[in-house]
Structure formats: C-alpha cells, structure tokens
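These notes are about the structure you will find just below.
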C-alpha cells in the first residue's frame, strides 16, 4: 500500500510514481520518480504513456461502446433478412440454369436456417448482457488494464501499418481487411479495459494475486460475451458483402460455364464459403459465447470460492 496515494486534485487512488493523474490528467510534480536518478529520461515516457491512456479513456467511453453495440444489434435484423434473400435468389438462379429442383429447395432450407438462427441470436443477446452484469468480479488495480490497453494500442498500430505495407507491396487486400476486423474488435476490448464497469469488474485493493489472475481470465471471456451484439452485427454485414459478390458471380455464369466457373464460385472462400459460414457463425455466436461463458465461469467461480476460503483461514 505504500505505493498508492490520493490525487491532491481529484482525490482518486493513484500510484505514487505516476507523473500525472490518470483520472483528471493533472500534473503531479515532486513524485518519487521525478526525484529518482534518470528521471529526465523516464518522466517523459511516463507522461506520454499516461496521456495516451487518458486520451483513450476520454474517447473510448462507455457511451461509445453502448451506442455501437446497439447500432450493430439493430442492423443485424435487416442484414440477416438480406442474407436469407441473397442465398435464396442465388439458389433459384442456379436451379434455373441447372434445371435442378434440389438446388431451389436448398435455398428454402437456407432461409429456414437463417430465420431460426436469427431467432436464437435475438433471444440470447439480452441473456449474454445479463450474464455479464450478474457476474461481478474485482481486481486489485486499474493500472493492470491500463497497461493492457496501452500495449494493445501499440500492437494494433504496428499490425495495421504492417497490413498496409503487405497490401501495397504484394497487392493483397485480404491481410488488410483481416487487420481492420481485428482492429475493430481490439478497440472495443480496449474500451472495456479502460472502463471495467462495462464487464462488471470493480477495483478492490485487497484482492490477492490469485484473485487478480482469475479476474484477468474472466475479463477475457466476459468481454467476448459482452461483444456478442458487435460480433453478430459485424459478421452479418461482412457476410452480406460476400453474398453480394456471390450473387454477382452467379448471375454472370452462362449455362456452358457450370462445369467449371460456377463450381469455382460456389466453392471459393471469397464467395460461397465465406458467405454461408460468416452469416451462420455470426448468428450462432451469442449461443456459443453464452454456453462457453456459463461453463467456464462455473470453474472460475469455484476457484474464487477456494481463494476466499483460503483467505479467511489465514486471517
């Protein structure tokens, strides 16, 4: 506890070595770090890090997270409907060109699967949010996740620059789109790390190292469940884009091309495979995330109970 003090400006708990307050961004002169040897080098680094974290916390607010989650959850309904229509139209076009009724029936089956999957997702999205809300955890210090947010931001920037370099040098856009998708999810994870209340996590200086370890693990899968509406909406949008590409390829095929081109269109990852798998994975993600959360949380909850018993026995 000797490394923890109160900010003289806002009264929040901070580390003594911090050159600025992470809550009010006030400069904190005369700290131990500024009196230490080599402070002329370390203090600017600490200041840049703290100001970066403060800027991230200011921009990636809980309202930013909630607003985007609600928007993507709302857009999932028309996106799922559009995905069902795209699959049905593509199957009808193929059925007409091949004169094969089974392909048209497969399209009707696709519509049924999308409808059922969307119903499951719509019912489980509120359950996912409630599960996180009703599963509070605690960690000894916010600084643990502040460092995680800062390191993640640096890695994210480097990865995006590398993806841009690969796309320009080798004329391959797939790594760039993949990096952008990972970047979007990482931004939301950073927002949750800076605002732990989004995943029902509080700061308690009395939490032990074992409790911190479990809290970090719980943050990982609680964040995954919390991202369910964002992942579902994003996957459906991505699937619709792939589906439009599939639909264009299907209409461009001639009857004489079915021996080769149509097979390529329906088996390529960029068209048929990408479309069907992305849509289904997006719709089924809330179910998978919820089941994963309940089973894993049961294990970690038992471990937390053991830690609490051990702590009581040592008092």
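The values are calculated or read from the model by the stated rules, or taken from the named source; none is laboratory data. As the structure is a computational prediction, the values presented were derived from the model and not from experiment. Every residue, glycine among them, receives a Cβ derived from its backbone with ideal geometry; neighbour counts consider all protein chains shown.
Can you confirm whether residue 216 is over 10 Å from the mean Cα position of the chain (by Cα) and more than 20 Å from residue 153 (Cα to Cα)?
When the stated conditions are applied, residue 216 does not pass them.
State which residue pairs qualify: first residue at positive phi and surrounded by 17 or more Cβ atoms within 10 Å (Cβ to Cβ) and inside segment 127-153, second residue modelled with pLDDT of 90 or more and in a helix (DSSP H, G or I) in any location, beta carbons under 6 Å apart, and separation of 6 or more residues or different chains.
none
For segment 68-77, does any single residue satisfy the condition of being at pLDDT 90 or above, in a helix (DSSP H, G or I), over 19 Å from the mean Cα position of the chain (by Cα) and on the phi < 0 side of the Ramachandran plot?
yes
Any chance you could count how many residues in segment 211-249 are assigned to a loop (DSSP other than H, G, I, E, B) and surrounded by fewer than 18 Cβ atoms within 10 Å (Cβ to Cβ)?
Residues of segment 211-249 assigned to a loop (DSSP other than H, G, I, E, B): 227.
From the residues that got through so far, the ones that are surrounded by fewer than 18 Cβ atoms within 10 Å (Cβ to Cβ) too are none.
Number of matching residues: 0.
Yes/no per residue for (1) modelled with pLDDT under 80; (2) within 15 Å of residue 146 (Cβ to Cβ); (3) assigned to a loop (DSSP other than H, G, I, E, B):
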position	(1), (2), (3)
22	yes, yes, yes
44	yes, no, no
51	no, yes, no
54	no, yes, no
57	no, yes, no
63	no, no, no
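So residue 159 fits all but one of (1) modelled with pLDDT under 90; (2) under 18 Å from the mean Cα position of the chain (by Cα); (3) surrounded by fewer than 16 Cβ atoms within 10 Å (Cβ to Cβ); what number is the exception?
Going through the list (1) modelled with pLDDT under 90; (2) under 18 Å from the mean Cα position of the chain (by Cα); (3) surrounded by fewer than 16 Cβ atoms within 10 Å (Cβ to Cβ), residue 159 breaks only (3).
Between a first residue in segment 175-194 that is touching a residue at least 60 places away in the same chain (Cβ under 8 Å) and a second residue that is outside any helix (DSSP H, G or I), which pairs have beta carbons less than 7 Å apart while being 6 or more apart in sequence or on different chains?
Close Cβ pairs satisfying both conditions: 187/60; 188/227; 190/60; 191/60; 194/60.
Taking the conditions exactly as written (assigned to a helix (DSSP H, G or I), within 30 Å of residue 74 (Cα to Cα), under 13 Å from the mean Cα position of the chain (by Cα) and modelled with pLDDT under 90), does residue 185 satisfy them or not? Break it down stepwise before answering.
Numbers: assigned to a helix (DSSP H, G or I): yes; within 30 Å of residue 74 (Cα to Cα): yes; under 13 Å from the mean Cα position of the chain (by Cα): yes; modelled with pLDDT under 90: yes.
So residue 185 passes the test.
Could you tell me which of the residues 284, 303, 246 is under 20 Å from residue 126 (Cα atoms) and either modelled with pLDDT of 70 or more or touching a strand residue (DSSP E or B) at 6+ places or on another chain (Cβ under 7 Å) (or both)?
284
What number of residues within segment 118-155 are part of a helix (DSSP H, G or I), modelled with pLDDT under 90 and in contact with a strand residue (DSSP E or B) (Cβ under 9 Å, 6 or more places away or on another chain)?
Residues in segment 118-155 being part of a helix (DSSP H, G or I), modelled with pLDDT under 90 and in contact with a strand residue (DSSP E or B) (Cβ under 9 Å, 6 or more places away or on another chain): 1 in total.
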